[in-house]
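Read through the structure below, which is laid out as structure tokens, and then see the notes.
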Amino acid sequence: MVSDRDKVKQILLNLIQNSVDAIEHKGAIWIESYVENKSENNQYVCIAIRDTGCGIIEEDFTKIFDP
């Protein structure tokens, strides 16, 4: 379980750093988290990160999951 926590932490740090780079110090970043209840014993934590940056150019879409 600890390694999963570390992986999620690294993913979130990468996404936030990408947002900071994308807004070039003159935009905004929103981070939202909430719990979604699928059933009494089935819950999910959802995290959304959004920014006002320039976005991803079409040629890079195939590389978004590359390290």
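Going through [x] 39; [y] 62; [z] 55, the figure that equals percent of Cα pairs over 16 Å apart as computed for the structure here is [y].
Using C-alpha pairs below 8 Å separated by at least 6 residues, the relative contact order for the chain is 29 percent. Ignoring lysines fewer than eight residues from residue 38 along the same chain, the ones with Cα atoms less than 30 angstrom from its Cα are 7, 9.
Assuming charge only on the beta carbon of Lys and Arg (+1) and of Asp and Glu (-1), the dipole of the chain about its Cα centre is about 240 debye to the nearest 20. Helix 2-23 and the longest principal axis of the C-alpha atoms of the chain enclose an angle of approximately 30°.
Any read-out appearing in this document is the output of simple, stated calculations on the displayed coordinates, not a laboratory observation. Since we're looking at a predicted model, the values are computed, not measured. When we count neighbours, we look across all protein chains shown, and the Cβ atoms used for this are built from the backbone with ideal geometry, even at glycine.
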